[in-house]
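Before any comments, here is the structure.
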Amino acid sequence: MRFDDVTQAIGNTPLVGLPHLSPPGYRIFLKLEGHNPTGSVKDRVAKYLIEQAEKSGELTEGRRILEPTSGNTGIALAAICRVKGYPLTCVMPENTSEERKQLLTMFGAELVYSPATEGSNGSVRVAREMAAADPEVYMPFQYGNSANALAHYETTAPEIIADLPEVAAFVAGLGTGGTVTGAGRRLKSWNPGVKIYAAEPEYGDLVYGLRNLDEGYVPEVLDQSVLDSRIKVNSLKALEATRRLAEEEGIFAGVSTGASLAVAIRVCKRLPEGSDIVALSPDGGWKYLSTGAYAPGDVAKIAERISGTLWA
């Protein structure tokens, strides 16, 4: 395929079956968003955040963009801003992986760090304070911007329908809420019988990029009426599923993929035999190598050792 620039190469990611990890009588497929240009599902979101703001007139030539991010949205924004000529400041937890920091710096983003102990909620707090103090910046704010869900309504879900029209359930991690809201709405409008499940961390047990709604902040973009259920998964189960994915299916993914996969396997019991389930894989594992998540050794001990760097 040929494109005029990198923004046109976003989307149309592969849907890959998991013959070894799918329970007998069921088929689980992964939507591999790591195949996007900067390596994550957030390429879709960043493109829509910027292009919708350009269409509305909110984003004008040369205006600085400010955004809180755990990494992937910032990286996607940084690449697109580089192409379009917008300066960018990203607010992120200070314990974000080195790979993410280096990618953002390489794309020319300015980095501001929030306390590690506050996780992504801290980045939201700091970014909001900065935006309030400087009206000249434009903050797309993925957590409350309808363009986030629109990206998945117009691109992610139609791709799934085209590749697997018999899909019975869709599972995605609960982060900003854009994926489950946008893709869920489109899938249910196409077939009201499709079940939408959100993989949510256990209370007090964080999985990188995901959030538990009971711990405080509920993203404005999230429409919980789209969900059939929020299903809890702890960090250990997420890491175990991530490592099994590499060992048994040859797919190297981030830990939030493991969370969605663990939930997808569990929800098979709620569905008729013969059902096809799609789980979203937000990104590959390359940006997390420095955390030690994939190092040899006891998975439980690794999860405990890196909890301060990977899951905060």
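Only the coordinates and a few stated rules stand behind these numbers; no lab work does. Quantities reported herein were computed from a predicted structural model and do not represent experimental measurements. Heads up, the Cβs are rebuilt from the backbone with ideal geometry, glycines too, and the neighbour counts pull from every protein chain shown.
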> Straight-line reach from Lys55: which lysines have a Cα under 17 Å away, not including same-chain ones fewer than 8 places off?
Replying inline: Lys47, Lys84
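If neighbour count is taken as other Cβ atoms inside 10 Å, put Met130, Met106, Met92 in order from fewest to most.
Met106, Met130, Met92
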> For the range 17-67, with only Lys/Arg (+1) and Asp/Glu (-1) charged at the beta-carbon, what is the dipole magnitude about the Cα centre, in debye rounded to 20?
Replying inline: 220
> Between the range 222-277 and the range 1-80, what's the alpha-carbon centroid distance in Å?
Replying inline: 20
>> Using the crude model of +1 on Lys and Arg Cβ and -1 on Asp and Glu Cβ, and no other charge, please compute the dipole size for the chain relative to its Cα centre, in debye to 20.
In response: 380
>> What lysines does Lys301 reach when the alpha-carbon gap must be under 22 Å and sequence neighbours fewer than 8 apart in one chain are set aside?
In response: Lys232, Lys237, Lys287
>> Which one, Ala264, Leu239, Tyr48, projects farthest toward the positive side of the charge dipole computed for the chain from Cβ point charges (K/R +1, D/E -1)?
In response: Ala264
> If you take the Cα Rg of the chain and divide it by 2.2 N^0.38 Å, with N the number of residues, what do you get?
Replying inline: 0.94
> Hey, which aspartates and glutamates would be in cross-link range of Lys195, C-alpha to C-alpha under 15 Å, not counting anything within fewer than 8 residues on its own chain?
Replying inline: Glu166, Asp223, Asp228, Glu273, Asp276
>> With +1 assigned to the C-beta of every Lys and Arg and -1 to the C-beta of every Asp and Glu, and no other charges, what is the dipole magnitude of the range 42-133 about the Cα centre in debye, to the nearest 20?
In response: 200
> So for Tyr288, Tyr138, fewest C-beta neighbours within 10 Å to most, what's the order?
Replying inline: Tyr138, Tyr288
> Which is farthest toward the positive dipole end of the chain among Tyr197, Gly62, Trp286, measuring Cα position about the Cα centre, with Cβ charges +1 (Lys, Arg) and -1 (Asp, Glu)?
Replying inline: Tyr197
>> Through the Karplus equation 6.51 cos²θ - 1.76 cosθ + 1.60, θ set to phi - 60°, convert the phi angles of the range 170-176 into ³J(HN,Hα) values in whole Hz; use x for Gly and Pro.
In response: 10, 10, 8, x, 8, x, 6
>> Please compute, for the alpha-carbon atoms of the range 133-265, the extent along each of the three principal axes and give them in descending order in Å.
In response: 51, 36, 26
> Sorted from largest down, what three extents in whole angstroms do the Cα atoms of the range 42-133 have along their principal axes?
Replying inline: 37, 28, 20
>> Sorting check: for 67-74, 155-162, 12-19, which peptide has the highest mean count of neighbouring beta carbons within 10 Å, and how do the rest follow?
In response: 67-74, 155-162, 12-19
> Using alpha carbons only, how many degrees (0 to 90, rounded to 10) separate the axis of helix 42-56 from the longest principal axis of the chain?
Replying inline: 40
>> Neighbour counts of other C-beta atoms within 10 Å: give me Asp283, Asp276 arranged from fewest to most.
In response: Asp276, Asp283
> Which of Val126, Ala76, Leu111 sits farthest toward the positive end of the charge dipole of the range 42-133, with +1 on the Cβ of Lys and Arg and -1 on the Cβ of Asp and Glu?
Replying inline: Ala76
> Considering the zone a paramagnetic label at Asn191 would reach in this model (a point 7 Å from Cα along the Cα-to-Cβ line), which residues of the range 263-282 have amide N under 15 Å from it?
Replying inline: 271-279
